[in-house]
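Reviewing the structure listed below.
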Amino acid sequence: EADIYQTPRYLVIGTGKKITLECSQTMGHDKMYWYQQDPGMELHLIHYSYGVNSTEKGDLSSESTVSRIRTEHFPLTLESARPSHTSQYLCASSEVDKGQPYEQYFGPGTRLTVT
Amino acid sequence: DAKTTQPNSMESNEEEPVHLPCNHSTISGTDYIHWYRQLPSQGPEYVIHGLTSNVNNRMASLAIAEDRKSSTLILHRATLRDAAVYYCILRPPGGGADGLTFGKGTHLIIQP
């Protein structure tokens, strides 16, 4: 059973609010990811991190920002939420690849609705 | 990137084995074959992966063709909880962003 947690699970918030989506893992994984997924659609990588103080942008451009101050914690922040940010946000973690790609473990996701 | 081809959907009965095929005819010699599944309203879940040899774990078995151009995920005794979309993906050896890119996958329907 993967130990990766996301809070909140559901969030409905008004336009212009600042929000932070929390993601924590207890597996000691160095690599962490944020994906965005609309219902029935593909996953899109928006941020990833190789470890503490490392953050990189993913394939899909996003107005969100991330930070990695502790190994276990990888929060995502939207400074000013807009309806276009409505989506499901999925956090994942894995070991750093050492010659082979390791599996990624996903949290349950945060379903964000911006009104 | 090498692509995979899977049937859009498959149906099986509860407590029967399920064989989910995946074609990857352009696989490179170093690509690993990974399977994930996504249950409704949940995040993806890793199932199994392999390189050349068949693999077994508590969730499933992975049978890889000798030429590596296809593989089959085997659920030995399907339950209703196995109803999900199953994704077969190819992943190169480590490094880089390593974001997962899923295709449309196979929607597995389990009948009670």
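Return the FRET efficiency for the residue pair B:N54, A:D38: r is the Cβ-Cβ distance, R0 is 30 Å, and the value is rounded to the nearest 0.05.
It comes out at approximately 0.25.
Counting only the backbone N, which residues of region A:77-102 are under 20 Å from the spot 7 Å out from the Cα of A:Y50 toward its beta-carbon? Backbone N within reach: A:92-102.
Measuring against 24 Å, Cα to Cα, the residue pairs A:K18/A:K57; A:K18/B:K104; A:K31/B:K69; A:K57/A:K98 contain A:K18/B:K104; A:K31/B:K69 as the ones spanning a longer distance. Here the label points at A:T113 and B:T79, each 7 Å from Cα along the C-beta direction, are separated by 3.2 nm in the simple model. Determine the distance separating the Cα centre of region A:80-115 from the Cα centre of region B:1-36; give it in Å without decimals. Region A:80-115 and region B:1-36 have Cα centres spaced 23 Å from each other.
Using C-alpha pairs under 8 Å with a sequence gap of at least 6, the mean separation divided by the residue count of chain A gives a relative contact order of 36 percent.
Net charge of the neighbourhood of A:E22, taken over other residues with C-beta under 15 Å away and scored Lys/Arg +1, Asp/Glu -1, is +3. Compared with the rule-of-thumb size 2.2 N^0.38 Å for a compact globular protein, the protein assembly as shown has a Cα radius of gyration ratio of 1.04.
Which shape class, rounded, prolate or oblate, goes with chain A when its Cα gyration tensor gives a ≥ b ≥ c as root eigenvalues, a/c under 1.5 marks rounded, and past that a/b bigger than b/c marks prolate? The shape class here is prolate.
Once you charge only the Cβ atoms, +1 for Lys and Arg and -1 for Asp and Glu, what is the size of the charge dipole of the protein assembly as shown about its Cα centre, to the nearest 20 debye?
Working: 19 positive and 25 negative charges, 90 e Å.
So the magnitude is around 440 debye.
Mean silhouette area of chain B, derived from the convex hull of its C-alpha atoms and averaged over all directions, reads 6.8 nm².
Under the definition of partner shielding as Cβ atoms of other protein chains within 10 Å of a residue Cβ, what is the mean value for peptide B:28-38? Averaged over the peptide's residues, the number is 2.
Counting other Cβ atoms within 10 Å, keep those with at most 11, restrict to DSSP loop, and tell me which trypsin sites (Lys or Arg not before Pro) in region A:29-115 are left.
A:K98
Computed extension gain for A:T71 through A:K18, at 0.36 nm per residue and net of the alpha carbon distance, reaches 16.7 nm. Dipole magnitude for chain B: computed about the Cα centre from +1 point charges on Lys and Arg Cβ and -1 point charges on Asp and Glu Cβ, it is near 160 debye.
Only the coordinates and a few stated rules stand behind these numbers; no lab work does. These numbers were taken from a predicted model, which means no experiment stands behind them. Cβ: placed from backbone, ideal geometry, glycine included. Neighbour counts: every protein chain shown.
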